[in-house]
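The values are calculated or read from the model by the stated rules, or taken from the named source; none is laboratory data. Everything numeric here is computed off the predicted structure, so don't read it as measured data. Backbone-built Cβ (ideal geometry, glycine too); neighbour counts: all protein chains shown. Remember, those area values only see protein heavy atoms, side chains included, never the ligands or the DNA or RNA. Shrake-Rupley method; radii C 1.70, N 1.55, O 1.52, S 1.80 Å.
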Amino acid sequence: DFDGYVDNFRGWDFGNKDNNPDVADSDHGTWVAGISNAEPDNSFAVAGVGFNTKFLPVKVATDRGHITRGYEGVVYAGADIINCSWGSEGTFSQYALDVVTYVTHNRNALVIGAAGNSNNDGIFYPASYTGVVSVGAVVLGDEKWTSTATKGSNWNYYVDVVAPGSGFRTLEKNDGITSVFGGTSFAAPVVSGIAALVKSYYPDISALELGERIRVTTDDIYGIPANQQYLDLLGSGR
């Protein structure tokens with residue numbers, strides 16, 4: 001089909017540069033995918049947020065889970081919503097920003113990213129790029145997710161919304177299930193599933209309007225005492 005990827009009928013493995021995107025050592029992507037898109041009414045008592053919406057996996061990491069071609073995968077995906085449960089702090093790249101800008105404005109794709117798990121105000125990319133919906137994590141009761149002094153949801157003025165990031169189960173490779181231990185990686189696909197549902201209802205909505213519709217319809221969480229120290233740093237709410 002002249003797309004530059006030979007025999008990619010099963011997808012493309014950007015980590016290993018071949019047409020075999022099977023999961024190997026790392027389950028991270030499968031956990032994320034289960035949260036956004038596990039088929040409902042299955043035998044695992046797990047259902048994805050994006051109830052029956054279509055899902056396209058793109059492998060952008062090595063078999064051990066090291067992201068190597070994330071932004072190439074973003075361009076390749078060509079989906080309405082692109083979930084990026086990966087990234088790093090303080091790694092601004094003009095190339096990466098150009099990729100996000102391109103898919104947002106030229107391909108009408110909403111990019112959703114995890115805000116980071118360092119439990120500080122570090123700026124995490126790609127979540128913090130202009131146009132990306134940056135998602136922090138909360139626990140049951142809507143308090144900011146915090147595991148240890150060095151593990152928890154990042155907070156900053158780039159965070160747009162928060163979503164549950166722990167306390168539920170998702171899919172594991174080889175027909176398994178697992179409990180989510182916590183992280184913004186697992187909060188982001190909650191929002192991606194929501195975005196897919198909104199897009200299915202408003203198919204002609206623009207990517208930026210889709211993100212804004214989600215942002216302005218959250219529930220306020222700043223009345224919770226534990227969150228008051230993060231005023232305006234956890235986005236518009238859950």
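Some points to look at:
- Qualifying positions in the stretch 132-151 - assigned to a loop (DSSP other than H, G, I, E, B) and surrounded by fewer than 18 Cβ atoms within 10 Å (Cβ to Cβ): 140, 141, 143, 149, 150
- Boolean, residue 154 is surrounded by 15 or more Cβ atoms within 10 Å (Cβ to Cβ), touching a Lys or Arg at 6+ places or on another chain (Cβ under 8 Å) and at negative phi: no
- Residue list for the stretch 182-229, filter: open to solvent by 30 Å² or more (accessible area, probe 1.4 Å) and touching a residue at least 24 places away in the same chain (Cβ under 8 Å): 194, 197, 200, 206, 208, 215, 218, 219, 224, 226
- If only residues of the stretch 21-58 that are modelled with pLDDT under 85 and not hydrophobic (A, V, I, L, M, F, W, C) are counted, the one that is nearest to residue 198 (Cα to Cα) is 42.
Residues are listed down the side, and each one gets a yes or a no for (1) in a helix (DSSP H, G or I); (2) among the basic types (Lys, Arg); (3) in contact with a strand residue (DSSP E or B) (Cβ under 6 Å, 6 or more places away or on another chain):
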position: 195; (1), (2), (3): yes, no, yes
position: 203; (1), (2), (3): no, no, no
position: 209; (1), (2), (3): yes, no, no
position: 214; (1), (2), (3): yes, no, no
position: 217; (1), (2), (3): no, no, no
position: 222; (1), (2), (3): no, no, no
position: 228; (1), (2), (3): yes, no, no
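- Residue match in the stretch 66-76 (condition: of a type in the set (A, V, I, L, M, F, W, C) and touching a Ser or Thr at 6+ places or on another chain (Cβ under 7 Å)): no
- Every residue from the stretch 2-54 that is on the phi < 0 side of the Ramachandran plot, acidic (Asp, Glu) and either in a loop (DSSP other than H, G, I, E, B) or without any contact (Cβ under 8 Å) to a residue 24 or more places away in the chain (or both): 3, 18, 22, 25, 27, 39
- Only a single item in (1) among the β-branched types (Val, Ile, Thr); (2) closer than 20 Å to residue 130 by Cβ; (3) open to solvent by 30 Å² or more (accessible area, probe 1.4 Å) is not met by residue 74, and it is number (3).
- Residue satisfying all of: in the stretch 161-181; open to solvent by 10 Å² or more (accessible area, probe 1.4 Å) and hydroxyl-bearing (Ser, Thr, Tyr); nearest to residue 231 (Cα to Cα) among these: 166
- Against the test of being touching a residue at least 12 places away in the same chain (Cβ under 8 Å), over 18 Å from the mean Cα position of the chain (by Cα) and part of a helix (DSSP H, G or I), the options 71, 95 yield a single qualifying residue, 95.
- Any hit, the stretch 209-225, residues being closer than 20 Å to residue 86 by Cα, modelled with pLDDT of 95 or more and in contact with a helix residue (DSSP H, G or I) (Cβ under 9 Å, 6 or more places away or on another chain): yes
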